[in-house]
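> Sharing a structure with you now.
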Amino acid sequence: MSTAAGEGLGTRPGEPLVQVRELVKHFPITRGIIFQRRIGATKAVDGVSFEVQRGETLGIVGETGCGKTTTARLIMRLLDATAGEIRFDGQDITRLKGAPLKAVRREMQMVFQDPYSSLNPRKTIGSIISEPFAIHGLHRDSSERKRTVRELMDTVGLNPEHYNRYPHEFSGGERQRIGVARALALKPKLLIADEPVSALDVSIQAQVLNLLRDMQRRFGLTLVLISHDLSVVRHMCDRVAVMYRGEIVELAFNEELYSQPSHPYTRALLAAVPGARKDRRTIPE
Amino acid sequence: MTRYIIRRILWGVVLLILVSALTFILFRILPTADPARLRAGRNASPAVVAALRRDLGLDKPLITQFWIYMKNLFLHFDLGYSYYSTASVKSLIFDRLPATVSLTVGAAVVWLVVGLPVGIISALRRRSKLDRASMGTALVLVSAPEYWLGLICLYLFAADIGQLRVFPGSGSYVGITSDPVKWLTSLILPWFVLAASFAAVYARLIRGSLIETMSEDYIRTARAKGLRERRVVLHHGVPAAINPILTIVALDVGTLLGGAILVETVFNVPGIGRLSYDAITHADFPIIQGTVLLVALFIVVANILADIAYAYLDPRVRYS
Amino acid sequence: MSAEPLLRVEDLHVEFPTEDGVVHAVDGLSYDVRRGRTLGIVGESGSGKTVSSLTTMGLTRRMGARISGRILFEGRDLLTLSEEEMRKLRGNDIAMVFQDPLSSLHPLYRVGAQIVEALRAHRDVPKAHAHARAIELLGLVGIPDPGRRVNDYPHEFSGGERQRAMIAMALVNEPKLLIADEPTTALDVTVQAQILALLERLQRELAMAIVIVTHDLGVVAEMAEYIAVMYAGRIVETAPAERLFSAPEHPYTWGLLKSIPTLEGPRVQELEPIPGSPPSLIHRPSGCHFHPRCPYAQPEHARIDPRSEPVPGEPAHRVACLLEPATRRRLWAQLRAGWTPAEALIAVGSPEGQA
């Protein structure tokens, strides 16, 4: 059974980790010669509600401009919501600022899409991964910090000896691992991955997806995966939200969404995937 | 787009007000010579100096002087009178303007006509002998001081004192209306000297911009369409690469219209540059203010024109 | 169906000398394209697929490339033609569509003008006629209100419309061969579907051969009759589309198929990635380029270059692999049944020591 809001579907006990209610983000459009008048707004996110249960993987799927990345940024508080409510771990974080917000930031981290531009090219990867420690005042002892970072590198499948290398010395897949290591440094509860594999070669995508799965199991993470690629989302996610023009048009468990999509847009999306209509892509049993 | 232009013009006006205020303050506050004393001469008595100060209005409080100045400027377009010669600043400027305009416009034509093609060819034939030679020459011309270059030219080519007596020497400028031929020949050396360093800069600039443009995807598409290489470069490459040139030509021409001091001095061309230079040595504030304001005006106008040119050339700018 | 292929690439080698060393972009490439048919070339970054298409168009000449081999188009070797002769073919008999239509269209000129330019580069046609033809083509590729849109600038088109406009521009001289390099990669999935459907329709209507170059197996599954899989500058496998997906012969193809999540079929618990990364084209592995990442590689595979051979019983299906065909068949049977490469290897036993 799929519902539009997806609330109350939790099969795990306890409160959801993330609760989003009627979230709205408008970007104003202004005009005027001297004084800018607001004549309208781009409704990037227009009344979105959903929950993310602890330990689950939620996928948010949609095409360009549907609002999925904006939603992620709103949850991470990288943007301020125009209206609506965001609750994280029971706390209302919608209007949080300053020190309390910084404390919350430790619990949620993001992995970005473009491994070529999301890492500072002038910093060694050791310092990139340890930056969260510096920001939050952890592991002040430098040798302890280095040890922790090298452990992290090993966990994500990087060679700890490469601590002092620069991003350009790594391939796209390895850079994405660096991004994951950085995100995991603070042992967050929530990891949001925004198109984590879209910029990678096909044969490397599986490596990074497996890594995310692996990390989720090992650290007990809750994962929100944003992607335009329906196959990736199908593979990784327990539940899937389909977004269109700032709204969630369908939110369902994985098996139902892919076998019996109820919303016409979902059906159109699934039908549009190249190779979907002809059954050539399946590996026959 | 009209909205855009109107906004630029309004900001331009604000800028001009700010510039005139700032110039006024700077010249009054900074420890420069006292114009009254300069005017009075070496052995003037304090009483004479004081009287002159009163005449020039220098004894009034700064605020009052400022207010009077701004009022005259923006309500009557009156730029005041020279402390030194009591001529009206406006008339002095208008007298000198044609020479500066002739010098600037002529030089601009020369540096564009020479610099751009050299830069374009260098971009297309990277690392060839031509490229290396032209970029090397460009480096030399950019580094050579204008007055040095001017003096060398006079030394070599001036009709009165030079080795090869080809062009009229310094001081031979006449207005275009009185003797067009003499006007032209007297400006050839100054044009060359003024244009030299600019041509070098522009050649390097367009070379860099074109190299970058030619690696763009739409150039690859143009070639894939089967267009002749000449068309690809001139019709697809150069127009897209011209942007930085537009920006800088506006600034350069705007600034030069306020007077190319060094060249005007070496070649004794009676332009705004000479006027400013003389005014500074005499601490002749009204003239200094007038010429600074003039430069600011030219730069603002030139930039607005450049913005309009961008919008004309690049449809993406038009609709934003 | 004509016997002679429209395009025949024979043992193509393309190298670029760079500061870091010689980049061996294409290393002995051979394939055919028949009239009116679609060939898909699949490869990841660094496979050489784009360089091979650019070389067919003659666009790598000015990059300082060292090219050898033959590219026969209607019997003429393109590599021996002068620049002017090549220019006459480009955008005329052979046309190309590129990946990112926003950066591939000139931002300063109207779309109609760009199409007209493509037409008048090869045909002596009055401007008014060319303009009318541009409108006609925009309509053909499915842009609504083409009479008005023809005067718009590229940035005023949506992503999908831009790609349609690029296709219109490529078709203006009715090419015999269209090379589409990642034509849908930058587009949303619903728009992708529309563009692919458009290409299929145009191919039928114009009897045009298409080479579609992409990293997306789904796209070639949709579009191509024959698929060539490229890796590190070489073609490792060529097959009719159905055979490639049902009975692939090369370990790299197996790796790709096993590592990609699918929309249909059972949801696989773990994807089986290909370990390592695609090699640098400057320092390629010796012998079989894939051997460092191949779970079934034998020591001698680092020394011998595999040759492209037909698969027994399937003359249209060729593979360049040093494993025995029988071994390959057995391995694939295991992989197909859901075993991992490691398990398959054990089940089949040592590939060459099989009794």
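> Hey, in the GNM for chain B with a 10 angstrom Cα cutoff, which one of B:309, B:133, B:224 fluctuates hardest?
Result for chain B, Cα springs under 10 Å: B:224 fluctuates most.
> For residue B:90, which lysines qualify as cross-link partners when the Cα separation must be under 19 Å and same-chain residues fewer than eight apart are set aside?
Answer for residue B:90, where 19 Å is the Cα cut-off: B:71, listed by chain and number.
> Could you tell me which chymotrypsin sites (Phe, Trp or Tyr not before Pro) in region A:52-145 are loop residues by DSSP with no more than 16 other beta carbons within 10 angstrom of their beta carbon?
Here the sparse-neighbourhood loop sites are A:116.
> Please label the shape of chain A as rounded, prolate or oblate, based on the square roots a ≥ b ≥ c of the eigenvalues of the alpha-carbon gyration tensor (a/c under 1.5 means rounded; beyond that, a/b larger than b/c means prolate, else oblate).
Because a/c hits 1.5 or more and a/b fails to exceed b/c, chain A counts as oblate.
> Then there's this: Which ordering of C:330, B:54 is given by a fewest-first count of other beta-carbon atoms within 10 Å? All intermediate terms of the calculation are to be shown ahead of the outcome.
Numbers: C:330 18, B:54 12.
Ascending Cβ contact count within 10 Å gives the list B:54, C:330.
> Which of B:166, B:194, B:73 sits closest to the plus end of the dipole of chain B, meaning its Cα is farthest towards the positive end, when Lys and Arg get +1 and Asp and Glu get -1 on the C-beta?
Positive-end residue among those listed: B:194.
> If you keep only loop residues by DSSP, which trypsin sites (Lys or Arg not before Pro) in region A:54-97 have at most 12 other Cβ atoms within 10 Å of their Cβ?
Loop-located and lightly packed - A:95, A:97.
> Another question about this same structure. Could you order peptides C:164-174, B:14-24 by the average number of other Cβ atoms within 10 Å of their residues, highest first?
C:164-174, B:14-24
> Something else: In a GNM of chain B with a 10 Å cut-off on Cα contacts, which of B:222, B:144, B:99 has the highest mean-square fluctuation?
Between B:222, B:144, B:99, it is B:222 that shows the largest mean-square fluctuation.
> So if I take the centroid of the Cα atoms in region A:221-251 and the same for region B:190-262, what is the distance between those two points in Å?
For region A:221-251 versus region B:190-262, the Cα centre distance is 48 Å.
> Across peptide A:42-53, how many C-beta atoms of other chains are within 10 Å of each residue C-beta, on average?
Across A:42-53, the average partner-chain Cβ count within 10 Å equals 0.
> Normalising by the residue count of region B:89-318, find the relative contact order in percent from Cα pairs under 8 Å and 6+ residues apart.
Numbers: 306 pairs, mean separation 59.6, N = 230.
Contact order relative to length: 26 percent.
> Computed FRET efficiency, Cβ-Cβ of residue C:326 and residue B:212, R0 41 Å: what is it to the nearest 0.05?
With a Förster radius of 41 Å, E is 0.15.
> Taking springs between alpha-carbon atoms closer than 10 angstrom, which of A:142, A:49, A:127 fluctuates most in the Gaussian network model of chain A?
Its mean-square fluctuation being the largest, the pick is A:142.
> Show the residues, 5+ positions off or on another chain, whose built amide H is closer than 5 Å to the amide H of residue C:210.
C:37, C:38, C:39, C:178
> Compute the projected area of the convex hull of the Cα atoms of the protein assembly as shown, averaged over all viewing directions, and report it in nm² to one decimal place.
52.2
> Starting from the Cα of residue B:255, step 7 Å along the direction of its Cβ; do the same at residue B:5; then give the gap between the two resulting points in nm.
2.7
> In addition: With both partners inside chain A, how many of the DSSP beta bridges are antiparallel, as a percent to the nearest 5? Before the final figure, lay out each step's value.
On the way: 26 of 44 bridges.
DSSP beta bridges in chain A are roughly 60 percent antiparallel.
> Can you list the residues, at least 5 places off or on another chain, whose amide H is less than 5 Å from the amide H of residue A:111, using H built in the peptide plane?
Hits under the 5 Å cutoff: A:192, A:193, A:194.
> Averaged across the residues of A:195-208, what count of C-beta atoms belonging to other chains lies within 10 Å of each residue's C-beta?
Mean inter-chain Cβ contacts per residue within 10 Å come to 5.
> Just the Cα atoms of region C:249-348: what Rg and Dmax do they give in Å?
Values for region C:249-348 (Cα only, Rg and Dmax): 14.2, 40 Å.
> Hey, another quick one. When Cβ neighbours within 10 Å are restricted to other protein chains, what is their mean count per residue of peptide C:216-228?
Average neighbour count from other chains, rounded to a whole number: 3.
> Name the residues whose placed amide hydrogens come within less than 5 Å of the amide hydrogen of residue A:63, ignoring near sequence neighbours (fewer than 5 apart) on the same chain.
Hits under the 5 Å cutoff: none.
> Spelling out what I want: for every residue of region A:114-131, take phi, set θ = phi - 60°, compute 6.51 cos²θ - 1.76 cosθ + 1.60 (Karplus), and round to whole Hz; glycine and proline get x.
9, x, 8, 10, 8, 10, 5, x, 8, 10, 6, 5, x, 6, 5, 6, 8, 4
> Quick check: the angle from helix C:111-120's long axis to the longest principal axis of chain C, C-alpha only, nearest 10 degrees?
It works out to around 90 degrees.
> Right, here's the next one. Residue A:36 label point, 7 Å along Cα→Cβ, cut-off 18 Å on backbone N: hits in region A:82-96?
Taking a point 7 Å out along Cα→Cβ of residue A:36, the residues of region A:82-96 whose backbone N falls under 18 Å are A:82.
> Further, regarding this structure: Once phi is turned into θ = phi - 60°, what whole-Hz ³J(HN,Hα) does the Karplus curve with 6.51, -1.76 and 1.60 give for every residue of region B:300-305, x standing for Gly and Pro?
Computed from phi, the couplings for region B:300-305 are 4, 4, 4, 5, 4, 4 Hz.
> Rounded to the nearest 0.05, what FRET efficiency do residue B:75 and residue B:50 have when you use their Cβ-Cβ distance and R0 = 30 Å?
Details: r = 30 Å, r/R0 = 1.01.
The computed FRET efficiency comes out at 0.50.
> In terms of the Cα gyration tensor, with a ≥ b ≥ c the square roots of its eigenvalues, is region B:2-76 rounded because a/c is under 1.5, prolate because a/b exceeds b/c, or oblate?
prolate
> What fraction of the DSSP beta bridges in the protein assembly as shown is antiparallel, stated in percent and rounded to the nearest 5?
Close to 60 percent.
> Additional query: If one takes the longest principal axis of the Cα atoms in chain B, at what angle in degrees, from 0 to 90 and to the nearest 10, does the Cα axis of helix B:89-124 lie?
20
> Angle, helix B:243-256 long axis vs. longest principal axis of chain B, Cα atoms, 0 to 90°, nearest 10?
That helix lies at roughly 20 degrees to the long axis.
> To continue, here is another question. Might you report the magnitude of the Cβ-based charge dipole of the protein assembly as shown about its Cα centre, with Lys and Arg at +1 and Asp and Glu at -1, to the nearest 20 debye?
2280
> Tell me whether chain B comes out rounded, prolate or oblate; compute the Cα gyration tensor, take square roots of the eigenvalues as a ≥ b ≥ c, and use a/c under 1.5 as the rounded threshold.
Judged from the Cα gyration tensor, chain B comes out oblate (a/c at least 1.5, b/c at or above a/b).
> Okay, moving on. What FRET efficiency do you get for residue A:262 and residue B:18 if R0 is 56 Å and r is their Cβ-Cβ distance, rounded to the nearest 0.05?
The calculated FRET efficiency here is 0.35.
> If you don't mind, another one. With a 10 Å Cβ neighbour count serving as the proxy for reagent exposure, in which order, fewest first, do A:219, B:94, A:35, C:16 appear? Mind showing how you got there, number by number?
Numbers: A:219 13, B:94 10, A:35 7, C:16 17.
Going from sparsest to densest Cβ surroundings: A:35, B:94, A:219, C:16.
> On to the next question. Using the Karplus equation 6.51 cos²θ - 1.76 cosθ + 1.60 (θ = phi - 60°), what ³J(HN,Hα) coupling, rounded to whole Hz, does each residue of region C:121-132 give in order, writing x for Gly and Pro?
Coupling constants for region C:121-132: 5, 10, 10, 8, 10, x, 4, 4, 4, 5, 4, 4 Hz.
> At 7 Å along Cα-to-Cβ for each site, give me the label-to-label distance between residue B:163 and residue C:76 in nm.
Once both label points are built, they end up 5.8 nm from each other.
> I'd like the GluC sites (Glu not before Pro) in region C:1-89 restricted to DSSP loop residues with at most 14 other Cβ atoms within 10 Å, sorted by number.
Of the GluC sites (Glu not before Pro), the ones in loops of region C:1-89 whose Cβ has at most 14 other Cβ atoms within 10 Å are C:19.
> Taking the Cα centre of region B:86-141 as the origin, how large is its charge dipole in debye, to the nearest 20, when only Lys and Arg (+1) and Asp and Glu (-1) carry charge on their Cβ atoms?
The calculation lands at about 340 debye.
Values quoted throughout were computed directly from the atomic coordinates according to the rules given, and no laboratory measurement underlies them. Nothing here was measured: the structure is a model prediction, and the numbers come from that model. Cβ atoms come from the backbone with ideal geometry, glycine included; neighbour counts cover every protein chain shown.
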